[in-house]
Structure formats: C-alpha cells, structure tokens
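Colleague: The structure that follows is given in the form of structure tokens.
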Amino acid sequence: MKKRQIQKAFTLAEVLITLAIIGIVAALTIPTLISNYQEKQTVTKLIKSFSVINNAYALAKIEYGDITSWGFSGNSQVGTSEDGKHTQSEVTVKNSKIFLDIMSKYLKVSQRVNQLDLKDQTGYFLNGNPTSTETFTNGTDILLLQDGTSIQGGWISNYRCTSGICGDFSIDINGPDNPPNAYGRDRFSFHIYKNAIVPMGKQDDLIRPFETSCNMESNADHNGYGCTAWVIYNKNMDYLHCNDLSWEDKHSCKE
C-alpha cells in the first residue's frame with residue numbers, strides 16, 4: 001500500500017498573525033520612508049531654486065547695475081517714504097514689486113499674483129505657530145515659476161544696504177496654495193546683498209542665526225527663517241528631528 005504524503009501548511013491563525021506583524025512593521029516604517037523621501041526632494045528642489053535665482057540676480061546686475069540703482073524708494077526699515085506720507089507696508093509693497101519686475105525678466109515665470117488674492121494667506125513658523133510678521137508684506141506680488149516655485153519679496157530698500165543687507169525675500173518650493181506653507185519646511189528665506197543672494201542662517205548670520213531661527217523648540221520670532229543655509233550646505237533637514245545641531249560640531253542627527 002502506498003503511504004499517503006502529509007503536506008504541512010500554515011493554519012489560518014498563523015497567517016493572520018503574520019499579516020498583522022507585517023502590517024505593524026509597515027505602519028511603523030512607511031511614514032518614515034515617505035518623510036525621508038519628501039525631505040530629500042525638498043533639499044534637491046531648494047538647491048536648484050537657489051542656483052536659478054542666484055543666476056537671475058547676477059544677470060540683473062549686469063543689465064541694471066547693483067541693487068541700489070534699481071529704483072527703490074523710501075526707508076522700509078523704519079517705515080517712512082521720502083515725502084513721509086507712506087507707511088512701512090506701502091514702501092515694502094512698492095519696493096518688492098520693483099525687485100520682482102526686474103528679476104522676472106531672467107526667470108521662467110508662469111504667472112504673477114498678489115498675496116491678497118490667494119485662497120489662504122496664512123503662513124507658519126517652523127514650530128507650527130502662525131506668522132505674525134506677514135502684515136508688512138500683505139499686498140506684495142508673488143511670482144509663480146514654471147517649476148512650481150513661488151517668490152515673494154520682503155523688506156527691501158537702499159537704506160538697508162548701508163548695513164550690508166539690502167533686503168530679503170522668500171520662496172515656496174511648492175507654491176503658496178500648497179501646504180504646509182511653513183518656514184523651514186517648504187518656505188525658505190534669503191538675504192539680498194549688493195553682490196549676491198545669501199541663504200539665511202549661515203554660520204556668520206547674526207540677524208537670523210541657525211541656533212535660534214531654526215529650532216523646533218524655539219519660540220523666537222521668525223523661527224524657520226534660519227533653516228535655508230542649513231538645507232543648502234548640509235543637504236539635510238535633520239533640524240526637524242533633533243535640536244542639538246550646530247555649524248561647529250553636529251551636522252546631522254546621526255552624528
């Protein structure tokens with residue numbers, strides 16, 4: 001007589017337990033993998049945007065001279081115009097438009113909109129707090145580039161150039177209508193010098209130092225503004241995951 005071969009198989013309970021374990025592992029790892037991928041995409045896009053904007057600024061200087069000859073008016077730093085009749089916000093809006101007028105000639109612009117026409121005008125600092133400084137830039141124009149990046153001018157004036165920094169602006173790598181609209185996450189800020197565009201938060205930046213302007217635990221005003229240089233030069237966004245990074249010692253959470 002032939003012996004019957006007994007085939008071993010998993011029981012239903014064993015299959016369900018295995019699937020449950022796989023599900024738990026996936027739930028724990030997939031969000032991290034997605035987050036890491038998104039951060040790498042942000043790093044890549046910010047570095048590219050910085051290169052494009054810096055090149056546009058260099059071309060603008062060749063045609064129009066340094067930024068002090070671009071036609072800015074007033075003193076947006078202390079809130080007066082030449083005739084003393086315009087507010088800080090009005091001077092900022094006017095000078096920002098001049099900046100974008102010239103820069104747009106050297107960028108691939110798909111559309112130009114006004115901030116007041118956006119569906120959602122709310123911005124956020126790195127720690128999630130809503131911004132309180134947008135008052136002075138409400139009404140400024142925004143350039144929407146063909147790659148999805150947007151550029152918005154900030155406080156710009158010839159008066160500011162006397163201290164070395166002529167103004168500032170910010171970009172949003174996925175446009176103003178797409179979240180999170182938070183500095184240090186998808187919005188990044190730059191200083192405007194006479195001869196270069198400089199990312200905020202460099203090691204020698206005394207106005208927006210990385211230590212206080214890019215730290216999840218900091219409640220300092222403008223928190224998130226100082227993240228730009230870190231992303232560009234260290235090629236990571238580890239400040240989202242640990243708070244002891246520094247230019248001198250620790251450049252990633254793994255160190």
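The values are calculated or read from the model by the stated rules, or taken from the named source; none is laboratory data. Worth saying up front: this structure is predicted, and the values here are computed from it rather than measured. Because the Cβ atoms are built from the backbone with ideal geometry, glycine has one as well, and the counts that use them run over all protein chains shown.
Colleague: Look at region 201-220 and say how many of its residues are among the acidic types (D, E) and crowded, with 18+ Cβ neighbours inside 10 Å.
Modeller: Narrowing region 201-220 to residues among the acidic types (D, E): 204-205, 211, 217.
From what's left, crowded, with 18+ Cβ neighbours inside 10 Å: 205.
Qualifying residue count for the region: 1.
Colleague: To continue, here is another question. Within the set of pairs 6+ apart or on separate chains, which have a first residue in region 140-163 that is more than 20 Å from H222 (Cα to Cα), a second that is of a type in the set (D, E) and modelled with pLDDT of 90 or more, and C-beta atoms under 8 Å apart?
Modeller: Between residues of region 140-163 that are more than 20 Å from H222 (Cα to Cα) and residues that are of a type in the set (D, E) and modelled with pLDDT of 90 or more, the close pairs are T149/D172.
Colleague: Take the residues in region 210-255 that are in a loop (DSSP other than H, G, I, E, B) and in contact with a Gly (Cβ under 7 Å, 6 or more places away or on another chain), then tell me which one is farthest from D168 (Cα to Cα). Please lay out each step first, then the result.
Modeller: Taking region 210-255 as the starting set, the residues that turn out to be in a loop (DSSP other than H, G, I, E, B) are 214-224, 235-237, 241-255.
Subsequent filtering for residues that are in contact with a Gly (Cβ under 7 Å, 6 or more places away or on another chain) retains 214, 224.
Details: C214: 17, G224: 14 Å.
Here the answer is C214.
Colleague: Here's a follow-up. For region 106-121, name all the residues that are surrounded by 13 or more Cβ atoms within 10 Å (Cβ to Cβ) and among the charged types (D, E, K, R).
Modeller: R112 - this is the single residue of region 106-121 that is surrounded by 13 or more Cβ atoms within 10 Å (Cβ to Cβ) and among the charged types (D, E, K, R).
Colleague: Please work out which residue is modelled with the highest pLDDT, limiting yourself to region 79-104 and to residues that are among the hydroxyl-bearing types (S, T, Y) and surrounded by 19 or more Cβ atoms within 10 Å (Cβ to Cβ).
Modeller: Step one: of region 79-104, the residues among the hydroxyl-bearing types (S, T, Y) are 80-81, 87, 89, 92, 96, 104.
From the residues that got through so far, the ones that are surrounded by 19 or more Cβ atoms within 10 Å (Cβ to Cβ) too are 92, 96.
Details: T92: 79, S96: 89.
For region 79-104, the residue satisfying everything is S96.
Colleague: Can you name every residue in region 164-191 that is free of Cβ contacts under 8 Å to residues at least 40 places away in the same chain and either among the charged types (D, E, K, R) or on the phi > 0 side of the Ramachandran plot (or both)?
Modeller: Once the filter is applied, which keeps residues that are free of Cβ contacts under 8 Å to residues at least 40 places away in the same chain and either among the charged types (D, E, K, R) or on the phi > 0 side of the Ramachandran plot (or both), region 164-191 yields G164, D168, D172, G175.
Colleague: Can you tell me which residue is nearest to P130 (Cα to Cα) among those in region 221-245 that are at pLDDT below 95 and surrounded by fewer than 19 Cβ atoms within 10 Å (Cβ to Cβ)?
Modeller: Per the stated criteria, the residue is D221.
Colleague: Based on what the data block shows, is S76 closer than 15 Å to S150 by Cα and either within 21 Å of the chain's Cα centre (by Cα) or modelled with pLDDT under 90 (or both)? Talk me through it step by step, then tell me what you get.
Modeller: Details: closer than 15 Å to S150 by Cα: no; either within 21 Å of the chain's Cα centre (by Cα) or modelled with pLDDT under 90 (or both): yes.
Judged against the criteria, S76 is not a match.
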